[in-house]
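Contents: one structure, followed by commentary.
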Amino acid sequence: MKHFLKETDFKAHELPGLFALAQSLKKGRGRHTPPSLAGQTWALIFDKSSTRTRVSFEVGIHELGGNPLFLNKNDIQLGSSESVEDTSKVLSRFVHGLIVRIYDHSEVEQLVEGATMPVINAMTDFLHPCQIYTDAFTMAERWATDGDLVGSLKGRKIAFFGDTASNMAYSWIVGAAHFGMQIALAGPQKFAPGPELDALLAKEGLPKNYTFTTDPMEAARDADVVYTDVWVSMGKEEEKQERLATMAPYAVTAELFAAAKPDAIFMHCLPAHAGEEVEQAVLDSPRCIIFDEAENRLHMQKAIMASLTQTVRD
Ligand code: CP
């Protein structure tokens, strides 16, 4: 039984097939979609709001021939009057897959303990692997001139700005190591990546491939991708004023974007707050690919679900 909780859950040798499947599903959308989830119901448990993740998963399940069942965490007894593991055991008797957006990463790991169906992490406070796989696919679509999607990522540099202790920063650090990329992070010293990240890299046998600096221009130099995320993530609202003030020097301005490679692309997992973490001029640039990135959530997540379902059959 295979689950997708972190970037390393698809091994390096599985990545070319997964990316090729995402590309084929994208090209064939509306014409030929193999009904990989025919007769299946996949549950989505969400404890945080979502536009892209919820809609792309629900549409993707439909397009693969399955039925999505959306459950707000407060609608069920998960972790309140029933243990996380028991909830997972019960849901395993009803549904064929589980997609979870929840705050505490350890709760997704507990769900896996009781699950006899694939479990997908749709974002925790620690990692957001569906976004990272989608982002890597979106980059590879632009860079792979010879059809080698995954190979086109190797040696490329991402520069990540702002909240460098966030789930997006952590997920990109793990993802970059897994894809053979480099990542330079720039943010306030207080938001330098913590020891839990180095522990995960060591546990997964990945190199410590990232650098951290408080100088945004240094991080931008020679970058192929300029990346940022909101400064006030869900659950951090009480820190809003402090975060806006501390992270202001790390806004992606046109000047900072220009310090990267001349053909560098701008990416953001969205939603974006123009005038905070990114300047409107950068969002308006022809090298800003945020809506391709958003669309690709659908194609990559369909590939992930189809692949996980295949491992159940095998
Ligand atoms: N990027 C992302 O996960 O978007 P949503 O919060 O809208 O799902």
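Miscellaneous remarks
- Alpha-carbon centroid distance for the pair segment 212-288 / segment 15-89, whole angstrom: 30 Å
- Ascending count of other beta-carbon atoms within 10 Å, so fewest first, for H299, H273: H273, H299
- Among P216, P129, P34, the largest mean-square fluctuation in a Gaussian network model of the chain (Cα springs under 10 Å) belongs to P34.
- For the chain, the fraction of alpha-carbon pairs in successive 20 Å shells from zero, as %: 34, 59, 8
- Inter-probe distance in nm under a simple model that places probes 7 Å from Cα toward Cβ, at H13 and L283: 4.5 nm
- Per-pair calculated FRET efficiency, R0 = 51 Å: R31 and D198 via Cβ, rounded to 0.05: 0.65
- Loop-located trypsin sites (Lys or Arg not before Pro) in segment 24-126 whose Cβ has at most 10 other Cβ within 10 Å (DSSP): R31
- Near T213, the amide H atoms lying under 5 Å from its own belong to L185, A186, G187; only residues 5 or more places off or on other chains count, and H is placed 1.01 Å from N.
Every number in this text was worked out from the coordinates using simple rules, so none of it is lab data. Everything numeric in this text was worked out from a predicted model, so none of it was measured. Cβ atoms come from the backbone with ideal geometry, glycine included; neighbour counts cover every protein chain shown.
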